[in-house]
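Encoded as structure tokens, the structure appears first; notes follow it.
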Amino acid sequence: MWIAQLPPFIPFFIAAFLVTILPSKSRYAMLLVPIWGGLNLFFTGQEGSWITYSVMEFELQLMKVDRLSLMFGYLFHIAALIALTYSLHVKDKLQQVAGMLYAGSALGAAFAGDLLTLFIFWELLALTSVWLIWARRTEKATKAGMRYLIFQVLSGVLLLAGTLAHYHQTGSLAFEYIGLESTASWLIFIALGIKCGFPFLHTWLTDAYPEATPTGTVFLSAFTTKIAIFALARMFPGTELLVYIGAAMTCFPIFYAVIENDLRKVLAYSLINQLGFMVCGIGIGTALALNGAVAHAFNDVIFKGLLFMTMGAVLHRVGHVNGSNLGGLYKTMPKTTVFCIVGAASISAFPLFSGFVSKSMVMAAMIEAGHDYLWLMLLFASAGVFHHAGIKIPFFAFFAHDSGLRPKEAPTNMLAAMFIASVLCIFIGSYPDLMYSLLPWENSYVPYDITHTLTQLQLLFFSALAFVWLNKKGLYPPELRSVNLDMEWFYRKLLPQTAFKVRQLASRTNGAVQAGFVTVVSNLPVIKESSTYSAANLTKRMAGVLAILLLVTYLGKSI
Amino acid sequence: MSENKPVADQTPDENTFFDKPRNVDIILKVFYVICALLVVFDFVVHRHIYVSFEEIPAFYAIYGFVACVVLVVLAKLMRKVLMRDETYYDPEESEDGKA
């Protein structure tokens with residue numbers, strides 16, 4: 001029944017292969033893979049166990065188990081189960097195979113024992129996930145997927161370069177604490193930073209996630225960024241710089257989220273904002289902070305997945321998720337509406353919902369570490385999250401003005417997946433002890449006390465009050481169909497435009513030079529055939545040549 | 001994927017709960033009362049102070065409200081600088097460069 005010491009990615013890879021040869025109906029059986037795999041891990045996964053394999057001179061560890069990898073192992077099985085359930089109606093084999101391989105790669109990375117193994121799965125994550133974007137089969141998605149792939153591969157190249165340099169310096173490939181000291185560690189740091197959506201490196205996420213298929217985004221939101229968080233927690237805990245990066249990540253995306261119209265893009269921005277809390281926790285590096293980061297990653301996969309699922313359901317039924325053209329959907333999609341509200345309450349950290357029990361750990365650790373002003377930033381971001389993800393998403397999609405759209409309720413399998421995620425959100429939020437007992441570091445934290453509950457409720461209710469007030473006053477920015485410039489402007493507009501201008505300039509210069517040449521040539525005196533070979537001319541030329549030769553000889557001697 | 005086109009007139013259910021302004025009014029009133037109660041609680045319940053800012057009465061309520069207003073006002077200003085047409089990135093070489 002159970003197989004000890006089985007690297008968890010293997011069942012997923014085998015299943016992906018089987019999907020390609022079995023009839024399409026086999027996708028229902030694929031649900032068993034994450035269920036069995038998760039249970040197998042739960043019963044047989046023992047800390048300290050590992051499997052090694054040899055490549056050339058290297059002894060690589062395919063499976064290293066500790067509490068951190070186990071936590072992410074469980075999480076990825078749950079995420080895979082939810083995402084697979086959500087995409088049961090999809091008959092597209094490309095997406096089924098890509099989804100399986102992608103989830104498997106994430107598990108491979110979570111249990112990697114050394115940096116080379118991590119690199120292999122790091123690249124597999126990129127190569128398998130991009131198909132979930134391309135499977136949308138639109139021109140926009142194809143291009144966004146290509147940009148996504150370039151970023152991901154760049155991250156992989158940096159990771160490999162950093163790994164090799166690190167090996168050269170230390171002789172170790174161990175996937176453990178590295179810290180920011182050498183050039184090698186900086187390379188690895190930036191590689192993780194790309195996948196993690198650090199400011200200025202984040203645009204692949206907001207660019208590609210809204211372009212993926214409705215089901216693909218649910219997969220995407222779960223794995224890539226969380227593997228980056230996992231790797232950061234392992235290699236760079238307590239790196240002070242991360243606190244500042246994280247605080248920036250919590251704040252800047254919420255401004256974009258407020259004015260963005262594509263609701264899946266709003267969620268992509270809010271994903272970066274949530275990653276910011278985790279990055280802060282890793283940067284502080286105390287047991288409480290690291291536990292908070294991991295717990296928040298755990299919860300975020302579920303509630304962000306839930307929100308992406310509800311928007312995916314709308315996209316599936318309506319064909320777009322533009323806030324400007326939605327509204328009133330609660331009338332015909334009541335269940336999706338309820339699930340969306342559960343997700344919104346969780347991400348906003350309402351008491352009794354999952355975000356509350358994990359985000360507060362990071363906030364508490366922030367105070368303990370004495371970062372008072374950064375804590376204010378995080379508090380600002382917390383209020384902002386509620387504003388854009390907690391209110392804006394459900395309000396503009398399901399309520400607001402009646403758009404006249406009357407789509408059918410989401411398909412049953414989608415509802416089932418959203419139901420599982422919703423139950424988990426409420427369960428973890430109400431009984432956090434089970435999740436706390438799985439956390440990697442030794443620490444006790446009590447999320448529910450009067451102070452914390454009251455202050456959080458005040459923060460959220462008055463954020464909501466601000467929303468109501470702004471709406472009544474007509475100050476709330478209307479949803480507009482638009483593009484908002486972000487860092488991607490540099491490579492989507494400036495770079496191509498510069499290249500275009502350079503090309504234009506080059507062709508113009510080229511044209512001018514050619515034209516000039518032509519005029520020069522045409523203006524040359526036409527030498528009459530008859531005179532060219534006349535004796536007088538020849539004599540003149542010979543005399544000229546003689547004079548030059550004499551001059552050259554004279555100069556040569558005098559030097 | 002997008003088969004279900006909007007059918008605008010298929011609505012015999014115009015009288016759902018949120019369509020009645022009276023219901024919305026009631027919800028909002030309840031909401032205001034909760035907000036007021038939360039502020040009152042702030043003076044009744046003794047909450048722990050960890051950071052100096054928290055000594056301000058009803059700090060979280062004020063901060064939450066101000067934060068969101070600031071957020072929205074700044075975001076609206078950002079629109080003036082950053083907002084472009086929806087097709088901004090779309091066309092390949094049809095930009096003004098050809099003039």
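Miscellaneous remarks
- For the segment A:379-391, counting C-beta atoms of other chains within 10 Å of every residue's C-beta and taking the mean gives 4.
- Working note: Debye formula, equal point scatterers on the alpha-carbon atoms of the protein assembly as shown, no solvent; log10 I(q)/I(0) at q = 0.11 Å⁻¹ is -1.10.
- Computed label-point distance, nm, for sites residue B:73 and residue A:35 using a 7 Å Cα→Cβ extension: 5.5 nm
- Percentage of interatomic Cα-Cα distances in the stretch A:188-288 larger than 19 Å: 38 percent
- Chains A and B together, accessible area buried on both sides, 1.4 angstrom probe, square angstrom: 6200 Å²
- Solvent exposure of the stretch A:319-424 amounts to 27 Å² per residue of accessible area, where only protein heavy atoms count and the probe is 1.4 Å.
- Projected label distance in nm at residue A:46 and residue A:545, using a 7 Å step from Cα toward the beta-carbon: 9.7 nm
- The distance from the alpha carbon centre of the stretch A:394-433 to that of the stretch A:295-328 is 8 Å, rounded to a whole number.
- Each Cα pair under 8 Å and six or more residues apart adds its separation to the average, and for the stretch A:86-175 the resulting relative contact order is 31 percent.
- A viscosity of 1.567 mPa s and a temperature of 4 °C, combined with the Kirkwood radius over Cα pairs in Stokes-Einstein, give a translational diffusion coefficient for the stretch A:286-441 of 80 µm²/s.
- Residues residue A:200 and residue B:87, FRET efficiency given R0 of 35 Å [Cβ-Cβ distance, rounded to 0.05]: 0.90
- Rolling a 1.4 Å probe over the protein heavy atoms leaves residue A:320 with an accessible area of roughly 50 Å².
- Relative contact order for chain A, counting Cα pairs under 8 Å that sit 6 or more residues apart, in percent: 13 percent
- For the stretch A:27-152, the equivalent ellipsoid built from the Cα gyration tensor has semi-axes of 27, 20, 10 Å, listed from largest to smallest.
- Dividing the convex hull volume of the alpha-carbon atoms in the stretch A:162-204 by its residue count gives 74 Å³ per residue.
- Exposure of residue A:183 as accessible area (Å², to 10), given a probe of 1.4 Å and all protein chains: 100 Å²
- The spread of Cα positions in the stretch A:140-193, taken along each principal axis and listed from longest to shortest, comes to 44, 17, 16 Å.
- The length gained by stretching the chain between residue A:138 and residue A:376 to full extension, at 0.36 nm per residue less their Cα-Cα distance, is 81.4 nm.
- Sparse-neighbourhood loop sites, trypsin sites (Lys or Arg not before Pro) in the stretch A:75-166 - DSSP loop, at most 15 other Cβ within 10 angstrom: A:91, A:137
- Inter-chain shielding of B:80-90 (mean C-beta neighbours from other protein chains, 10 Å cut-off): 5
- Alpha carbon centroid spacing (whole Å) that separates the stretch A:179-201 from the stretch B:16-64: 41 Å
- Helix runs (DSSP H) in chain A reaching 24 Å along axis by Cα, Kyte-Doolittle at least 1.6: A:115-134, A:240-259, A:412-430
- Helix-only mean residue ellipticity at 222 nm for chain A, each DSSP H run of n ≥ 4 adding -39500 (n - 2.57), per residue, nearest 500: -23000 deg cm²/dmol
- Rule-of-thumb Rg ratio for the stretch A:103-244 [Cα; 2.2 N^0.38 Å; N residues]: 1.03
- GluC sites (Glu not before Pro) within the stretch A:16-116, DSSP loop, no more than 16 other Cβ atoms inside 10 Å: A:47, A:57
- In the stretch A:417-455, comparing the full protein assembly with the chain on its own, the residues that lose 20 Å² or more of accessible surface at a 1.4 Å probe are A:450, A:451, A:454, A:455.
- Length released on extending from residue A:441 to residue A:57, taking residue separation times 0.36 nm less the Cα-Cα span: 134.8 nm
- Using a probe radius of 1.4 angstrom, the carbon and sulfur fraction of the accessible surface of the stretch A:98-171 is 74%.
- Ordering A:523, A:4, A:31 by the projection of their Cα atoms onto the charge dipole of chain A, which places +1 on the Cβ of Lys and Arg and -1 on the Cβ of Asp and Glu, puts A:523 at the extreme positive end.
- For A:364-374, mean number of other protein chain Cβ atoms within 10 Å: 1
- Ratio of Rg to Rh over the stretch A:376-418 (Cα coordinates, Kirkwood Rh, two decimals): 1.17
- Filtered trypsin sites (Lys or Arg not before Pro), the stretch A:440-492: DSSP coil and at most 12 other beta carbons within 10 Å: A:473
The values are calculated or read from the model by the stated rules, or taken from the named source; none is laboratory data. Because the structure is a prediction, the values reported are computed rather than measured. Quick reminder, even Gly has a Cβ in these numbers, built from the backbone with ideal geometry, and neighbours come from all protein chains shown. Surface areas here come from the heavy atoms of the whole protein model, side chains and all, with no ligands, DNA or RNA. Shrake-Rupley method; radii C 1.70, N 1.55, O 1.52, S 1.80 Å.
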